[in-house]
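The next block holds one structure in the form of structure tokens; read it before the comments.
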Amino acid sequence: GAVKRCSVLRDADSNKRNLNIFVIAEGADGKLARANATLKKNVKIWLNKNRMINDTIDILNARILNVSIDFSIVADSETNKFDILASCITKLQENFRVLPDIGEAFYITDIYKVLNDVDGVVDTKSVSVKQKTGARYAELEYSIRDNMSADGRYFVVPEDVIVEIKYPLEDIKGVIL
């Protein structure tokens with residue numbers, strides 16, 4: 001694997017100038033994966049040549065939050081509803097090809113914007129983001145509902161977590177009302 005994303009944070013629990021570097025790798029299948037010990041060791045060797053003398057560094061695995069998206073839209077009555085639904089799903093898949101940063105909040109309003117910009121969509125009625133767990137997904141104890149902003153526009157992600165839609169063909173679903 002190779003490092004896909006990293007995040008550097010000062011360790012608040014340390015009296016020294018300790019830096020925590022959270023890394024996530026990309027597996028052979030292009031999906032996010034935990035960085036193995038060899039990869040983390042190579043990063044540490046490279047960083048030791050370039051760090052400040054007083055800095056200590058811990059390289060830690062970032063955690064993965066797998067999510068799915070369900071949406072409902074109102075389509076223009078003059079157009080083919082199946083084509084519009086396919087276009088919406090394709091646009092969301094394209095939008096989420098670029099991974100967020102580790103610790104970056106997940107904005108549900110961005111999903112509304114992408115859907116409303118699709119030709120033939122009159123309005124986006126609802127968007128639901130749910131955590132995916134199980135054998136094919138990362139195991140992370142996290143509650144999207146408990147971390148949702150008061151206005152429901154985004155949910156906060158811990159500083160050591162990255163959000164991924166692991167299987168966009170299965171995890172992005174929509175209906176036309």
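Could you tell me whether the stretch 151-174 includes any residue that is part of a strand (DSSP E or B), over 26 Å from GLY27 (Cβ atoms) and in contact with a helix residue (DSSP H, G or I) (Cβ under 7 Å, 6 or more places away or on another chain)? Yes, some residue in the stretch 151-174 is part of a strand (DSSP E or B), over 26 Å from GLY27 (Cβ atoms) and in contact with a helix residue (DSSP H, G or I) (Cβ under 7 Å, 6 or more places away or on another chain).
Note on the stretch 48-75: residues that are more than 11 Å from ASN18 (Cα to Cα), of a type outside the set (A, V, I, L, M, F, W, C) and open to solvent by 20 Å² or more (accessible area, probe 1.4 Å) total 7. For the stretch 133-164, the tally of residues that are open to solvent by 40 Å² or more (accessible area, probe 1.4 Å) and in contact with a Phe, Trp or Tyr (Cβ under 6 Å, 6 or more places away or on another chain) stands at 3. For beta carbons closer than 9 Å, sequence separation of 6+ or different chains, a first residue in the stretch 15-32 that is closer than 26 Å to ASN48 by Cα and assigned to a loop (DSSP other than H, G, I, E, B) and a second that is open to solvent by less than 50 Å² (accessible area, probe 1.4 Å) and not hydrophobic (A, V, I, L, M, F, W, C), the qualifying pairs are LYS16/ASP55.
Has the stretch 106-128 got at least one residue that is in a loop (DSSP other than H, G, I, E, B), within 16 Å of SER68 (Cβ to Cβ) and in contact with a Phe, Trp or Tyr (Cβ under 7 Å, 6 or more places away or on another chain)?
Checking the stretch 106-128: not a single residue is in a loop (DSSP other than H, G, I, E, B), within 16 Å of SER68 (Cβ to Cβ) and in contact with a Phe, Trp or Tyr (Cβ under 7 Å, 6 or more places away or on another chain).
Against the conditions (1) surrounded by fewer than 19 Cβ atoms within 10 Å (Cβ to Cβ); (2) farther than 30 Å from LYS125 by Cα; (3) of a type outside the set (A, V, I, L, M), LYS4 satisfies every one except (1).
The values are calculated or read from the model by the stated rules, or taken from the named source; none is laboratory data. Everything numeric here is computed off the predicted structure, so don't read it as measured data. Here Cβ is always computed from backbone atoms with ideal geometry, including for glycine, and neighbour counts include all displayed protein chains. Calculation scope for accessible area: heavy atoms of the full protein, side chains included, ligands and nucleic acids excluded. Shrake-Rupley method; radii C 1.70, N 1.55, O 1.52, S 1.80 Å.
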